[in-house]
Amino acid sequence: MANIMIRQAESGGLTFYLPKRDLEASIESIEFDTPEKWGGELKLDNGGSYYIDPIAKPPPSAHFPARQAPWRG
Amino acid sequence: MTTLSREETDALIAEVLEVYPEKAQKDRKKHLAVNDQTIEQSKKCITSNRKSLPGVMTIRGCAYAGSKGVVWGPIKDMIHISHGPVGCGQYSRAGRRNYYVGTTGVDSFGTMNFTSDFQEKDIVFGGDKKLAKLIEEIEQLFPLHRGISVQSECPIGLIGDDIESVSKKAAAVIEKPVVPVRCEGFRGVSQSLGHHIANDAIRDWVLDKRDGAAYEGTPYDVAIIGDYNIGGDAWATRILLEEMGLRVVAQWSGDGTLAEMMNTPKVKLNLLHCYRSMNYISRHMEEKYGIPYLEYNFFGPTKIIESLRKIAAFFDDSIKEKTEAVIARYQPMMDEIIAKYKPRLQGKKVMLYVGGLRPRHVIGAYEDLGMEVIGTGYEFAHNDDYDRTIKEMGDATLLYDDVTGFELEEFVKRLKPDMVGSGIKEKYIFQKMGIPLRQMHSWDYSGPYHGYDGFAIFARDMDIALSNPTFKNLTPPWKKVVEDEAKKAA
Ligand code: SF4
C-alpha cells in the first residue's frame, strides 16, 4: 500500500505525488469523478497506474492509501 | 558566439563523453540532454537525483548541508548544533550569507558555529552525554535563544547515538524546543534529501506547536516559503508583498524565527519560492491546514509582474488594485534600468549551473536584459524541477544534471558563453579561461537579486562582470606577439 498525495493542479488537472519516492506526475484519467463517487483507477502520464478505493470527492489536496496496479508488479 | 542546432548539441554531448570508460559514458549520457520544449515530461530526456559516480568531480553537498546549511541554519533565534566533528560546521560557517537583524551571540545566532566537536573517545563511547552537557552549557551562556536543533553529522548515524532521547530530556529541562534532526551526510544522494529531512523535522517538532492558540489574523496573511534571505533577498520580496497590501507573517527561513514558523499554519496562502527545498512542508500545510501554496518567481520584471498578478488573484479587489499600482509605480524604474543596461548586454550568452531554483528562475531576468541562457543545470534537482525548466529554456539548449567538473569545462570551452553563473568552486577555473563568472549561490557577495530593487542590482552586477576589461587581457604579452605575427603571416 503506497501512500500517495493528489492535488488540484494550477492548470486544472490533478497531480500525483508519491512522497516516498519523491515522484511527481500528472493524472491523465481517473475512473470515477463525481461528487459522490471519486477514485478508482488512476492513469498517470508516466505510464503508471494506481488504484484508490472510491470515496466521496475529497478536498483539493489529500493523501490516500493506493495500490499500484497489479500488472505493473 | 554559437547557437548550436539540435544535432550539433547532441554531437557535442557525445564528443565530451568520449573520454569516459564505456560504463560511465552510458550513465552520464542519461544526465545530459538537449532541451526540447515539446516534451512534457523531463523524465523522457533527462535523469536526475541519482547517485554521483565515484571518480568524477561532483559539485554536490551532503544531507547535513541541506538541513543545517539551507533549511534550519537561517532560523536566527535558534541555536543549531552541528553534532559531530568540528569541520562540517566550521568550514561552512556563515558561507551562505543569510542576512538577519539581531544581535549575534545575544538573541540571534545565524553566523555562529556551535559544534559538539567529536573526538575519538566520543566515537568509541558515544556522544550522548556530551550533547546533553552541550545543551546545558548553551542554556547558561545564551539564555535568550528560543530553541535548539541538533543537526547530525555522519558519525552520529554510524555509531547509533540516540539524539532523540537526549533532545526530549533536554527540552523538558530547559523548557524550550530541542529538535533532533537525522540529517547525517551519508543519507541520500545530495543535499536534496537533507531538505526533505529538515522539512519533516519541522513538521514533526515545530509546525503544530501553536495549533489552537489565540491568534489575531487578517484575510491577507501570507508566508514566504523557501527564501533564505541571501544578500537580503527575502527583505526585497517582503517589501513588494507588503506594498501589495499583504501581511507577511513568516519568512521561511531567511531572517526567520521559530515563532514565525509556529504561526505559519494560520496564514491564508503560502508563497513558495524555492520549490525544491520546501515543497514538502508546503504540501503538508496544504493537506493538514488547507493552506494553498503558490510557486512564484521574483527575478526580473517580467516574472515579477507575472507573479504579483498571480498572487493577487488569490485575494480580493483591493489587493488587485494595489498590485496594479505597485506594478505601475516600479515600471519607470525598470524601464530606466533596461534602457541603461540592455544595449550593453544585448545578445550576451550565459551558462548556468546552480542548485535549487535558480537554474530556471533567473532565466527571465537575463532575458529581460536581452541576454540568452544557452545551458543550464542543477546540482540536485529532481524530475519535477526539470519539468518546470524545459518550458523556460530555449529549444536545443543544453541541460546538464549533476554535471561533472570535466563536462562543465568542456561544454564551456565549446559553447563559449560570454559569462558563466555558478559557484565558488567553478569561479576561478572559468575566470582563468577568460570567462567572467558570477556566483549565483551567494550573488558573489552582492545582492539582493529578488524583487524590483534586486533587479537593479542584478543588472548592474552582470554589467560589471561582462564589461570588466581584465578578461580581454588574459593572454600574456609575449604570447600576444606570437599571435599577432601569426595573424600577419596568415
Ligand atoms: S558528508 Fe558527513 S562528514 Fe561530510 S560534511 Fe556532510 S555531515 Fe560532515
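What FRET efficiency comes out for B:ARG6 versus B:ASP204 if R0 is 60 angstrom and r is the Cβ-Cβ distance? Round to the nearest 0.05.
0.80
Taking 8 Å as the Cα distance limit and 6 or more residues as the minimum spacing, I'd like the relative contact order of the range B:294-439 as a percentage. If you can, show how the numbers build up before the last one.
On the way: 189 pairs, mean separation 30.8, N = 146.
Dividing the mean separation by the residue count of the range B:294-439 yields 21 percent.
Taking amide hydrogens as modeled 1.01 Å from N in the peptide plane, which residues meet the under 5 Å criterion relative to B:LEU4, leaving out close sequence neighbours?
The answer is none.
Taking 22 Å as R0, compute the FRET efficiency from the Cβ-Cβ separation of A:LYS57 and B:PHE314 and round it to 0.05.
Details: r = 22 Å, r/R0 = 1.01.
The formula returns an efficiency of 0.50 here.
Between beta-carbons, use under 12 Å as the cut-off and find the net charge around B:CYS183, counting Lys and Arg +1, Asp and Glu -1. Don't jump to the answer; show the numbers that get you there.
Numbers: positive: B:LYS68, B:ARG182, B:ARG187; negative: B:GLU153, B:GLU184, B:ASP200.
In short, 0.
Name the residues whose placed amide hydrogens come within less than 5 Å of the amide hydrogen of B:GLY147, ignoring near sequence neighbours (fewer than 5 apart) on the same chain.
Answer set, sorted by chain and number: B:ILE79.
Quick one: what are the phi-derived ³J(HN,Hα) couplings along the range B:366-374, Karplus 6.51/-1.76/1.60 with θ = phi - 60°, whole Hz, x for glycine and proline?
With coefficients 6.51, -1.76 and 1.60, one gets 5, 5, 4, 8, x, 8, 10, 9, 9 Hz.
Return one whole number: the accessible area per residue of the range A:2-68 in Å², for a 1.4 Å probe.
Ligands and nucleic acids excluded, the result is 51 Å² per residue.
To the nearest 10 degrees, how steep is helix B:275-289 against the longest Cα principal axis of chain B, on a 0 to 90 scale?
Approximately 40 degrees, to the nearest 10.
Sequence-distant or interchain residues sharing an amide H contact under 5 Å with B:MET419, placed H: which?
B:LYS349, B:MET351
Specify the angular offset, from 0 to 90 degrees and rounded to the nearest 10, of the alpha carbon long axis of helix B:301-312 from the longest principal axis of the alpha carbons in chain B.
Between helix and principal axis, roughly 30 degrees.
Can you give the longest run of chain B that contains no GluC sites (Glu not before Pro) sitting in a DSSP loop with at most 11 other Cβ atoms inside 10 Å?
Details: sites that count: B:GLU18, B:GLU175, B:GLU216.
Value returned for the longest uninterrupted segment is B:217-490.
Where the accessible area of the protein assembly as shown is counted over protein heavy atoms with a 1.4 Å probe, how much of it, in %, is carbon and sulfur?
Of all accessible area on the protein assembly as shown, carbon and sulfur atoms account for 55 percent.
Do any residues of the range B:192-222 show a loss of at least 20 square angstrom of accessible area between the isolated chain and the full protein assembly, using a 1.4 Å probe, and if so which?
B:HIS196
List the residues of the range A:1-45 for which accessible area in the full set of protein chains is at least 30 Å² lower than for the chain on its own; 1.4 Å probe, protein heavy atoms only.
Residues meeting the cut-off: A:MET5, A:ARG7, A:GLU10, A:TYR17, A:ASP22, A:GLU24, A:ASP45.
What shape does the range B:348-460 take by its C-alpha gyration tensor, where a ≥ b ≥ c are the square roots of the eigenvalues and a/c under 1.5 counts as rounded, a/b above b/c as prolate, and the rest as oblate?
Rounded.
Any idea of the total accessible area buried by the B-A contact, 1.4 Å probe, rounded to 100 Å²? Please report the intermediate quantities before stating the final value.
Values: alone 20970 and 4740 Å², together 24450 Å².
Roughly 1300 Å² of accessible surface disappears when B and A pair.
Do you know the relative contact order of chain B, to the nearest whole percent, from alpha carbon pairs under 8 angstrom that are 6+ apart?
Computed over chain B, the figure is 19 percent.
Output the relative contact order of the range B:179-326, whole-number percent, from Cα pairs under 8 angstrom with separation of 6+ residues.
On the way: 215 pairs, mean separation 34.2, N = 148.
Worked out over the range B:179-326, it gives 23 percent.
I need the shape label for chain B. Rule: rounded when a/c is under 1.5, else prolate if a/b > b/c, else oblate, with a, b, c from the alpha carbon gyration tensor. Walk me through the intermediate numbers first.
Values: a/c = 1.86, a/b = 1.32, b/c = 1.41.
The shape class here is oblate.
Can you list the residues of the range B:270-315 that have at least 30 square angstrom less accessible area with all protein chains present than in their chain by itself, probe 1.4 Å?
The answer is B:ARG283, B:GLU286, B:GLU287, B:TYR293 - residues whose exposure falls by at least 30 Å² when every protein chain is included.
Rounded, prolate or oblate: which fits the range B:287-367 when a ≥ b ≥ c are the square roots of the eigenvalues of the alpha-carbon gyration tensor, with rounded for a/c under 1.5 and prolate only if a/b beats b/c?
Oblate shape, in that a/c is at least 1.5 and b/c is the bigger or equal ratio.
By DSSP, what percent of the beta bridges with both residues in the protein assembly as shown are antiparallel, rounded to the nearest 5?
Values: 31 of 71 bridges.
Beta bridges within the protein assembly as shown, antiparallel portion: roughly 45 percent.
What are the chymotrypsin sites (Phe, Trp or Tyr not before Pro) within the range B:82-160 that DSSP puts in a loop, where the Cβ has at most 16 other Cβ atoms within 10 Å?
In loop regions of the range B:82-160 (DSSP not H, G, I, E or B), the sparsely surrounded chymotrypsin sites (Phe, Trp or Tyr not before Pro) are B:TYR91.
The values are calculated or read from the model by the stated rules, or taken from the named source; none is laboratory data. Quick caveat: nothing in here was measured; it's all calculated off a predicted structure. For neighbour counting, all protein chains shown are included, and Cβ atoms are generated from backbone atoms with ideal geometry for every residue, glycine included. For accessibility, only protein heavy atoms count, side chains too; no ligands or nucleic acids. Shrake-Rupley method; radii C 1.70, N 1.55, O 1.52, S 1.80 Å.
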